[in-house]
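Read-outs: derived from the displayed coordinates by stated rules, not from any lab. No experiment lies behind these values; they were computed from the predicted model shown. Every residue, glycine among them, receives a Cβ derived from its backbone with ideal geometry; neighbour counts consider all protein chains shown.
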Amino acid sequence: MFGDPIKHSQSPFIHTQFAKQTQQILNYEARLVPAEQFENSVNDFFSQGGKGINCTVPLKEMAWKFTDHNTERANQSKAVNTLIKQDNGEIIGDNTDGVGLLNDLKDNHQIDIKQRRVLILGAGGATRGILAPLLARSPDCLTIANRTVSKAEGLASEFGGQKGLQGCGFEDLHGLQFDLIINATSASLSGDLPPLPNGILSEQGDCYDLAYAKKATAFVKWGRQQNAQKSVDGLGMLVEQAAEAFFLWRGVKPETKAVIALLEEQRLG
Ligand code: NDP
């Protein structure tokens, strides 16, 4: 895993668990790689026999530009979180964040998307990664609200042609209601909450924070205060996106529930 910062990454633990479970021999490390060292670090890693890399903040867009080929879902998001070195030497880029979110919503939390009014908060790299997969699950409508309004509007028009897709600012949300609110801002990382009007979550509504922390994030707490049916964080998405990356490298799909349970135990302990 390459990123900056990287100190608190759970990915080495997750992939080590996957390797044990599937009896694969794997050495997975977290490496501090500042943006300016990205290309050299990737080249060194692969020339020394490395087979695959995960990239996190702030390297995902750089990784997308660096590869020989990208998958369709990586091109839709213009961001790559998984690099795969092929036998012919080519480096393929993929993005497993979207499928990681979908799997976590569906399999671990039983949260539906189809025909629901969905709101995404934030218009950064994570929103880019989850937008197309969410749209493919046929929500009734999908609104992107962002502090910098032009970024939300830009994303909506980039993924344009989709019925019910729009971008706006937080103040435009007054009077609207949603069945699923997904926080894809990085506000939780500093304990902040995007400015959300009361009454915006429908009676049977759910809240999902892409961020995760030892304790409930500000957004998860907000969801509970709004009587959300479920208000959960992105720990499961972290494990699910890792499982997809592991599958791309090893051709075997690890079981995620046991690993999520271990991480839940660690954060309680
Ligand atoms: P980016 O830096 O690309 O985007 C950050 C977004 O958050 C921008 O839209 C920014 O708005 C907004 N923002 C930041 N601070 C605030 C605030 N105080 N109030 C309102 N909006 C704010 O980050 P990413 O998109 O890469 O990541 C977003 C989150 O998703 C992070 O918490 C990250 O940890 C999490 N994530 C989790 C994953 C998982 O597996 N669970 C996978 C990927 C991401 P503006 O445009 O106005 O600056």
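Could you name the lysines in cross-link range of Lys257, using Cα to Cα under 16 Å and dropping any fewer than eight places away on the same chain?
Leaving aside lysines fewer than 8 places away in the same chain, those within reach of Lys257 are Lys20, Lys106.
If you add up the charges near Thr96, with Lys and Arg at +1 and Asp and Glu at -1, over every other residue whose beta carbon is less than 9 angstrom from its beta carbon, what do you get? Don't skip to the answer; put the middle values down first.
Working: positive: Arg73; negative: Asp94, Asp97, Glu240, Glu244.
Net charge in that neighbourhood comes out at -3.
Taking the Cβ of Ala216 as the centre, find all other residues whose Cβ is under 11 Å away and add up their charges (Lys, Arg: +1; Asp, Glu: -1). Kindly include the intermediate steps, with their values, before the conclusion.
Values: positive: Lys214, Lys215, Lys221, Arg224, Arg267; negative: Asp209, Asp233.
Neighbour charge sum, excluding Ala216 itself: +3.
Quick one: among Asp172, Asp140, Asp97, which has the greatest mean-square fluctuation in a GNM of the chain with alpha-carbon springs under 10 angstrom?
For the chain, modelled as a Gaussian network with Cα springs under 10 Å, the answer is Asp172.
What does the charge count near Glu158 come to, summing +1 for each Lys or Arg and -1 for each Asp or Glu among other residues with Cβ under 12 Å from its Cβ? Don't jump to the answer; show the numbers that get you there.
Details: positive: Lys78, Arg128, Lys151; negative: Glu153.
Local net charge: +2.
Do the alpha carbons of any pairs in Lys51/Lys230; Lys65/Lys214; Lys51/Lys78 sit beyond 29 Å of each other, and which pairs?
Details: Lys51/Lys230 38 Å; Lys65/Lys214 34 Å; Lys51/Lys78 22 Å.
Correct reply: Lys51/Lys230; Lys65/Lys214.
Only Cα pairs under 8 Å and at least 6 apart count here; give the relative contact order of the chain as a rounded whole percent. Kindly include the intermediate steps, with their values, before the conclusion.
On the way: 518 pairs, mean separation 42.1, N = 269.
Value for the chain: 16 percent.
Whats the longest run of the chain with zero trypsin sites (Lys or Arg not before Pro) that are DSSP loop and have at most 10 other Cβ atoms within 10 Å? Don't jump to the answer; show the numbers that get you there.
Details: sites that count: Lys7, Lys114, Lys163, Lys214, Lys215.
Formally, the longest exposed-site-free interval is 8-113.
Over the residues of the chain, compute the C-alpha Rg and express it relative to 2.2 N^0.38 Å.
Values: Rg = 18.3 Å, N = 269, 2.2 N^0.38 = 18.4 Å.
That ratio works out to 1.00.
In degrees between 0 and 90, to the nearest 10, how far off the longest principal axis of the chain does helix 11-22 point, with axes built from Cα atoms?
70
Of Met62, Met1, how do they rank once you tally other Cβ atoms within 10 Å and put the fewest first? List each step's numbers first, then the result.
Details: Met62 18, Met1 23.
Lowest to highest Cβ neighbour count: Met62, Met1.
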